[in-house]
Amino acid sequence: MAGKLGVYICTGCGIGEAVDGEKLAKVATSECKAASCRTHPALCGAEGCAQIRQDLAGGAVDTVVVAACSPRFKTEAFSLNHGTVVERVNLREHVAWCHAPQDENTQMLAEDYLRMGVARARKTEPLEPLADEISRALLVIGGGVTGITAALEAAAAGYSVFLVEKEENLGGAAARCKRQTPAEPPYTAVNGDGLTARMEAVLYHPRIQVFCSARVVRIEGQPGMFDVTLSIEAGEHQIRAGAIVVATGWKPYDVSRLVHLGYGVSPDVISNLEFERMAAAGRIARPSNGQRAESILFVQCAGSRDPDHLPYCSSICCMETLKQITYIREQDPEAQVYVVYKDVRTPGQYERFYRAVQDQALNFFTKGEVTAVKPGAGGRLTVAVEHTLLGESIQLETDLVVLATGMVPNGSEQILNLTYRQGPELPVISGGFPDSHFVCFPYETRRTGIYAAGAARAPMDAAQARQDAMGAALKAIQCVELAAQGRAVHPRGGDLSYPSFFLQRCTQCKRCTEECPFGALDEDAKGTPKPNPYRCRRCGVCLGACPERIVSFKNYSVDMIASMIKAIEVPEEDEDKPRVLALVCENDAYPAMDLAGLKRRRYDPSVRVVPLRCLGSLNIVWIADALSRGLDGVILVGCKYGDDYQCHFTKGSELAQRRLENVKETLQRLQLESERLQLTQLAINEWEQLPQVFDAFVERIRKLGPNPYKGF
Amino acid sequence: MNSGSGKPVMVIGGGIAGLTAAVELADAGCAVILVEKSAGLGGRVARMHQYFPKLCPPACGLEMHFRRLRGNAAITVLTLAELTSVSGSPGDYEAAVTVRPRCVTESCTLCGECAKVCPAEREDDYNYGLAKTRAAYLPHGMTYPALYAIDRTACPANCRACVDACRYGAIRLDEQPEVRRYSVSAIIAATGWKPYDASRLDHLGYGRCRNVVTNVMLERMAATDGPTAGRILRPSDGKEPRTVAFVQCAGSRDENHLPYCSAACCAASIKHAAYIRALYPETAITIFYIDIRTPGRLEEFYARASKDTNIRLIKGKVAEVAESPTGDLLVTAEDALANRKSTMQFELVVLATGIVPQTDGLPEGFRRDEFGFLNVPNRNGGLLAAGCVRRPAEVSFSVQDATGAALKALQCANRSVSHGR
């Protein structure tokens, strides 16, 4: 690309004081063969931008390189006509603001960045967005509170919905409850939550098609065009949907595993679910003899918060118990109620309900751990409680024990039956929840276009599940709308680029299909990748994985980065000017570098930075290119990895580290020190450490001495 | 169902809930006007060092949001702006927004010359008053929009130093407040929260004892760009504390203060304990609590902390905090498990103050519950609420809530557009 290149150099914000703009312009015109080069004291101002537009309109220029501030600033000012390639060179944050002014090394750095920016611009091609026929219908799996809400609310926004429920009737777990816990004012009143009305509304909604007694047998395809095979009573049924909400809810923890809490010891030890059914049926009584229970004891965290059972808190059981106490009070004001808890968890406004129930006479709340439930005298039960508030063990006699069992997600087995190469279901994290790993993006999914919601995603009550259902439905809507424009979803929301595969050269090594964090690539029988661009999140991990370099984006490719590396001028060995290539994550490390610049932190000017979409897109050929060009070392800076990984493409820096280890072996064979390569994990707020990281690495490289391949 | 032809949705508040609602709506094809009261977006989370339970920096997610805002024609961002009146009905509201002068135009390049020459100082609200900025200030390094602002209330009379220093003609000291009117389909109030006023907790020593700080102040001390550059120090003598006490429910779950539970403070204090453990491995930490509330998978975060031998958990309410002559703190608490009242000495006390809904100045129409939260159901209405202003919550709940609210708003925006897919 790039016939007529225009280079625009800003000398404002201290750039002009730090570097020689005229020399830079000379690099642009004589070395880089730019058709035109202009310098301006404030390029982002009206005059500077008008000049660029004028040159474009007049046809003097068709590709633009703006050498000014970081591309994170003045985006609007420098966004030109759609289709024009605009490459930004960061002379401010990465040069003028963090290196000595009027210094030879600073000037060389600026000139290199200009050469690299021109190389990048020349290798960038205009984007041609994907443009397939997209289905905007949504598939909602599960017809409980979450699924019903997702379906109704998406339909109310104008979208068609297929709702699939495995049982004969809609309603799920909530429909089996007598009443719901209070989530709205007044916070002390248990009531119905209109579920029945909403079940009816779903059945008669013109934009919702309901399949009960149905299951998903198979899902093929990709967002915008999921081909879903349902098994319904009449046989198999095919539908096409654009995005999917997984609202498969929860099941109670298997109470038969709670023998230590007395389950199975006596019919008078029941689960909270059994208690709910008893109350819904009409009368609370001892199952053993149908007699009144004078005393009822609730055991909280029955299975939850227990490393031997469920390590997490099930979040709803405290409120459920409080609600169930109101059933008892309605029927029997004289009964004694005990609640043995570890912590009472009634967050937010729910505290009001706790206080109201706690204040009622004959309700006793005791901190402690139930260690045994055994048959006692007179057909009653004896409950042993340890670690009580008084620091001693106590025994309580009671007629009925209710185990407040927790929830287990219903979301990870034989729900979706995806025909994906990477497996049929959503990947899960701890506790078996197909939850997002991110605090700030709870719907960030590893299967594009498929969003879990409600108790299948994380432990939550019905009120929260309703809100969650709307959130997931919005993400599903967003996915089909973006797909219709050929755009990526989060985290590169709006990106129009996508990878293409030059399959004639594919060796079926399967690295790309294995490493794609989003399961976007399927395989044919021989192992050739079958791309599904609408599943793709545009991270470039496939590009980095491929040893044959056959994967490229129009605006991001192996060749492009290689050209940038080749554009770096390598001084002679005797000049004592080492050159270090820094490949940095553009999401975290690059902004951190900007911040270091904003704070005017200085570091060694030997470092040449190339931002990558994700360190997972690192292709090892770049390292080979850099070292064979005579660069003295390569440092990678990317997100933290491990259990609490921060990479939004899941494991970018971990993949890069693995590739680096492989290269190091090769280096040793070439008698090059493996210390010339390093990966540093850095969070965006650790910008203060960056100068130190770079300086220390350059220092190490100086000690190792020049790359022996320099000059070859 | 692209609602490009529908009216925009207005989002009030540029914290994590408002930002989420705005970006999610825009990605779903809906135009958005995002109204933020202060000079930059990011709200409370921008002032946090790390999120629990991952201990990852909020700036990472904020940067992703800001990246979507830059040059995004679907989102109009108004800063120093407040919604002052609303009229109309779902799908068709008229909203008046008062925009206060920033006195700095889009021509600002972040060069910083204005702040260099500015002779005046102002209290730095970003640092909860623990530091000062110049009257010409950048809210913080990651701020959006990336523009300086001038706090005219702090300017000396007739000073034009910044105007003279600015090489880009970006400063307009005579800017006046302006009222702008928008026709919108729905309004999401995502106005967030404020910390409970610790000065009302006299018995817990705040304001009276120099080394009693609040949890939000501790958050700033832990932050690299905070007033102590990431070191947690005693305010009285700048010493690294060897013993630290956390007082949970400082105001929350208390009929005399906040009758509700603020939901996020337990996990926040466990996170703060992790900061201290990482900084000062020898420091002993004590957490006084009523109940530890870490629902869902946060339990695993709590379980890790409870295994740490340098973290002691005491179930009991703190009755009083007093100062010793050395600046140490004498904390009197009941130890409910041991059934006795005792007094212990600490070098630093952190009050886990709670969440108060931020509804100051919000026009009529947004309905409040008995605690002041906007949690009154409004099933088909267009005046919606999301995040901590609806109920106290941690970040990921607020984000989830905001995404859900975005769908309700989208319904209003789409109502006028033809249906039928």
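The values are calculated or read from the model by the stated rules, or taken from the named source; none is laboratory data. Keep in mind it's a predicted model, so treat the numbers as computed, not measured. Counting neighbours? That spans all protein chains shown, and the Cβs are built from the backbone with ideal geometry, glycine included.
Here are some notes:
- All positions within the range B:31-61 that are more than 20 Å from B:MET217 (Cα to Cα), facing chain A (nearest Cβ under 9 Å) and assigned to a loop (DSSP other than H, G, I, E, B): B:LYS54
- The residue that is nearest to the chain's Cα centre (by Cα), counting only those in the range A:281-308 that are away from chain B (no Cβ under 14 Å) and outside any loop (DSSP other than H, G, I, E, B), is A:ALA302.
- Residues considered: A:LEU127, A:LEU80, A:LEU109. Of these, the only one that is closer than 30 Å to B:CYS60 by Cβ and within 13 Å of chain B (Cβ to nearest Cβ) is A:LEU80.
- Of all the numbered requirements in (1) within 21 Å of A:LEU474 (Cα to Cα); (2) free of Cβ contacts under 8 Å to residues at least 40 places away in the same chain; (3) in a loop (DSSP other than H, G, I, E, B), B:VAL376 misses one, and that requirement is (1).
- Any hit, the range A:123-139, residues being part of a strand (DSSP E or B), closer than 30 Å to A:ILE450 by Cβ and either outside the structural domain of A:ILE232 (by TED's automatic domain parsing) or not aromatic (Phe, Trp, Tyr) (or both): yes
- Residue in the range A:512-521 that is closer than 23 Å to A:ASP227 by Cα and in a strand (DSSP E or B) present: yes
- Number of residues in the range A:572-595 that are over 20 Å from A:PRO71 (Cα atoms) and either assigned to a helix (DSSP H, G or I) or at pLDDT below 95 (or both) equals 5.
- All positions within the range A:239-260 that are buried (at least 23 other Cβ atoms within 10 Å of the Cβ) and either part of a helix (DSSP H, G or I) or among the aliphatic types (A, V, I, L, M) (or both): A:ALA241, A:ALA243, A:ILE244, A:VAL245, A:VAL246, A:ALA247
Conditions tested, residue by residue: (1) under 27 Å from the mean Cα position of the chain (by Cα); (2) surrounded by fewer than 17 Cβ atoms within 10 Å (Cβ to Cβ); (3) within 14 Å of chain A (Cβ to nearest Cβ).
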residue: B:ARG293; (1), (2), (3): yes, no, yes
residue: B:GLY316; (1), (2), (3): no, no, yes
residue: B:ALA322; (1), (2), (3): no, yes, no
residue: B:GLY327; (1), (2), (3): no, yes, no
residue: B:THR332; (1), (2), (3): no, yes, no
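- The set of residues in the range A:356-371 that are away from chain B (no Cβ under 14 Å), in contact with a Leu (Cβ under 8 Å, 6 or more places away or on another chain) and more than 27 Å from A:SER430 (Cβ to Cβ) contains only A:VAL357.
- Some residue of the range B:334-357 being touching a residue at least 40 places away in the same chain (Cβ under 8 Å), part of a loop (DSSP other than H, G, I, E, B), within 11 Å of chain A (Cβ to nearest Cβ) and closer than 24 Å to B:HIS257 by Cβ: yes
- Identity of the residue in the range B:240-259, touching a strand residue (DSSP E or B) at 6+ places or on another chain (Cβ under 9 Å) and either part of a loop (DSSP other than H, G, I, E, B) or of a type in the set (Lys, Arg) (or both), that ends up surrounded by the fewest Cβ atoms within 10 Å (Cβ to Cβ): B:ARG242
- Scanning the range A:168-200 for residues that are among the hydrophobic types (A, V, I, L, M, F, W, C) and free of Cβ contacts under 8 Å to residues at least 12 places away in the same chain turns up A:ALA189, A:ALA197.
- Any hit, the range A:445-460, residues being touching a helix residue (DSSP H, G or I) at 6+ places or on another chain (Cβ under 9 Å) and surrounded by fewer than 24 Cβ atoms within 10 Å (Cβ to Cβ): yes
- Yes/no for A:LEU91 being buried (at least 23 other Cβ atoms within 10 Å of the Cβ) and either at pLDDT below 95 or more than 18 Å from A:ARG579 (Cβ to Cβ) (or both): yes
- Test: residue in the range A:288-299 that is farther than 13 Å from A:ASP399 by Cα and not small (Gly, Ala, Ser): yes
- If the condition is being surrounded by fewer than 22 Cβ atoms within 10 Å (Cβ to Cβ), free of Cβ contacts under 8 Å to residues at least 40 places away in the same chain and within 14 Å of chain B (Cβ to nearest Cβ), then the range A:394-438 contributes A:ILE394, A:VAL428, A:ILE429, A:GLY432, A:SER436.
- Some residue of the range A:522-537 being within 14 Å of chain B (Cβ to nearest Cβ) and part of a loop (DSSP other than H, G, I, E, B): yes
- Top-ranked residue in the range A:538-569 [being of a type in the set (A, V, I, L, M, F, W, C) and in a loop (DSSP other than H, G, I, E, B); ranked as surrounded by the most Cβ atoms within 10 Å (Cβ to Cβ)]: A:CYS539
- A:GLY494 vs. criteria out of contact with any His (no Cβ under 8 Å at 6 or more places or on another chain) and at pLDDT below 95: yes
- Tallying residues that are more than 7 Å from every other protein chain (Cβ to nearest Cβ) and either out of contact with any strand residue (DSSP E or B) (no Cβ under 9 Å at 6 or more places or on another chain) or β-branched (Val, Ile, Thr) (or both) within the range A:464-478 yields 3.
- Count of the range A:158-203 residues which are surrounded by fewer than 17 Cβ atoms within 10 Å (Cβ to Cβ) and either assigned by TED's automatic domain parsing to the domain that holds A:ASN272 or hydroxyl-bearing (Ser, Thr, Tyr) (or both): 2
- Answer residue from the range A:377-393, given it is buried (at least 16 other Cβ atoms within 10 Å of the Cβ) and modelled with pLDDT under 95 and is nearest to A:ASN289 (Cα to Cα) among those: A:THR388
- At least 3 residues being hydrophobic (A, V, I, L, M, F, W, C), in the same structural domain as B:CYS265 (by TED's automatic domain parsing) and surrounded by fewer than 23 Cβ atoms within 10 Å (Cβ to Cβ) is the threshold, and among the strands (runs of 3 or more DSSP E) wholly inside the range B:181-237 not one reaches it.
- Every listed requirement among (1) within 14 Å of another protein chain (Cβ to nearest Cβ); (2) crowded, with 22+ Cβ neighbours inside 10 Å; (3) more than 18 Å from the chain's Cα centre (by Cα) is met by B:GLY91 save one, (2).
- Leading residue by the ranking (nearest to B:ASP291 (Cα to Cα)) among those in the range A:365-388 that are out of contact with any Ser or Thr (no Cβ under 6 Å at 6 or more places or on another chain) and among the charged types (D, E, K, R): A:LYS367
- If you go through the range A:476-500 and keep only what is assigned to a helix (DSSP H, G or I) and free of Cβ contacts under 8 Å to residues at least 40 places away in the same chain, you end up with A:GLN478, A:LEU482.
- Filter pass, A:GLU688 being under 30 Å from A:ILE429 (Cβ atoms) and in a helix (DSSP H, G or I): no
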